[in-house]
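Report on the following structure.
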Amino acid sequence: MLLCRALFLSSVTAIERRTDVECQDQEIHDNCLTGCRLVYIDCLSNCESSFCNSECLLEFQDCDASCPCGYNCPSGCKDCVDHPLCGSACEDPQINNDEYRLCVNEEIYQLDLCLKDCTADLNCHDSCYESYREGVLRCPCMEGSSTTTTSPATTTDSGPISPSDIFILSILHDVELSYLMNGDGSSNFPANITQQMQDQVTYSKHAMIQDTLYIFGTQTKIAKLDGCNIVELAQKLLFDRSEHTEALSIDDGTRALICFAYTNYQNLPVCEIFDGEASEVTFNSSATHLHGGLGFYKGQPTTTGCHREKHPKTETLGVNGWTDLPDFPEKPEACHNLIGLRNGAMILVGGYSYTPRIWQLKDETWTKLGELEMEHGLGSAIYINNYIFVYPGGPANDAGHAVQRIDLTDEEEFISSEIIGTHSGCVDNVNNENGIVKDVDIDNKSNKNRYANRVIFNTINVDGDNNIL
């Protein structure tokens, strides 16, 4: 069974989240996507050839693209008024749609306040009505509305997306052994990924640009995932990049911020922005942050710590450059993953000494939330639907390479963590009984295998918020 095509997200920041278009109908999209997945899985179960698998995948892609918030309907039901999951929400909305009624009532209330403040001036009255018109046009179901916030009226009763409905692709050092696993570890499949040259993934970082996965390093090389193939591009970065570098999808997924370098035994705080065509210099950070991570804090790229200089400095990038945030309070100060949350907070997991720690930066305060079930470092993490998936990246210890999941509440408060599977620098086979990828022995003293488990993520479940990742 060969699987390779879906929407790729940056693992450095959280990414599983679509950021290219604002879409308020994400819950309708999730219900639609669940239906697409069920049809896809049923289709695969009846396949006995690679051609059949490909046909199933193409049908899934078409189904996903036609969902509200999908590729063909990026703004949701506003672009897909004929979609069966959208029509019921806007049929007699004054009766059936609470979001519509609340929105219109609020605009009527604001109109009343505005008119009462007007003197005997017709221009003032006209201005109030114009503001009311502009406001009510933004309400759900209104023709010409710029955003849609319809209530989740659907033809199915699937409920919230569960971990078993989420599929994540891990691209390993040996890309031919990459695999797709769902969010509870109960099901996985081999992927069919190829690369032009060795080590295009191993000593690199990656980010999404316009729904395409780009890989940065080694040196100034840039590659991207084209279909199922990792291909090197003619474009080059401005600075040498490696596993010490960090990358983050920014500007609604249209560009990638690439920072920090270790060149000629020098730690460099250099940053650049790549848009898929060319790279340009941007603000350097005040300190170096090799292996310091990049994630969103209050909507801005943020990093903390440095592997080589071992400092706890935390910085965030705004329109005028980098500014200081509170220092991270615990050692070690690097080789962790940073994950931005919808509420503006940022989660830190793991570290260079392979620690299970989970910390949060919120309201300019670092707080320890809890621990993973197993140690974690030099890996990747992605945030999908209130679940943070943490994939290992460094040498295996006695505990093996645990793939773990952190569960959050709807308010993004920490609940618990659990192990959902394992992987190593190589993958032996898939245990069909319990869906766990088995480890095989690797030479952990080999520098080649040191980063053998650095993971690039792919998910079939795509959330509409920014993190992004």
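Stokes-Einstein, applied to the Kirkwood radius of region 255-372 over Cα pairs at a viscosity of 0.890 mPa s and 25 °C, places its translational diffusion at 170 µm² s⁻¹. On full extension, the segment bounded by S186 and D174 gains 2.0 nm, given 0.36 nm per residue less the C-alpha separation.
Here F239, F389 are placed in order of increasing Cβ neighbour count within 10 Å, fewest first, which gives F239, F389. With the simple spin-label model, which puts each label point 7 Å out from Cα in the Cβ direction, the K310 to N264 separation comes to 2.7 nm. Using the Cβ-Cβ distance between N320 and N46 with R0 set to 45 Å, the FRET efficiency works out to roughly 0.20.
When M181, M197, M142, M208 are arranged by Cβ crowding within 10 Å, least crowded first, meaning fewest neighbours, the order is M197, M142, M181, M208.
Full extension of the chain between R133 and V231 gives 30.2 nm of extra length, using 0.36 nm per residue less the Cα-Cα distance.
Sorted from longest to shortest, the spans of the Cα atoms of region 98-137 along the three principal axes equal 36, 16, 6 Å. Fully extending the segment from I415 to D82 would add 116.0 nm, taking 0.36 nm per residue of separation and subtracting the current Cα-Cα distance.
From the alpha carbon gyration tensor of region 164-459, can you work out the equivalent ellipsoid semi-axes (sqrt of 5 times each eigenvalue) and give them in Å, largest to smallest?
The three semi-axes for region 164-459 are 27, 23, 18 Å.
Readers should treat all values here as calculations from the given coordinates under stated rules, not as data from a laboratory. This one's a predicted model, so the numbers in the text were calculated from it and none came from an experiment. Because the Cβ atoms are built from the backbone with ideal geometry, glycine has one as well, and the counts that use them run over all protein chains shown.
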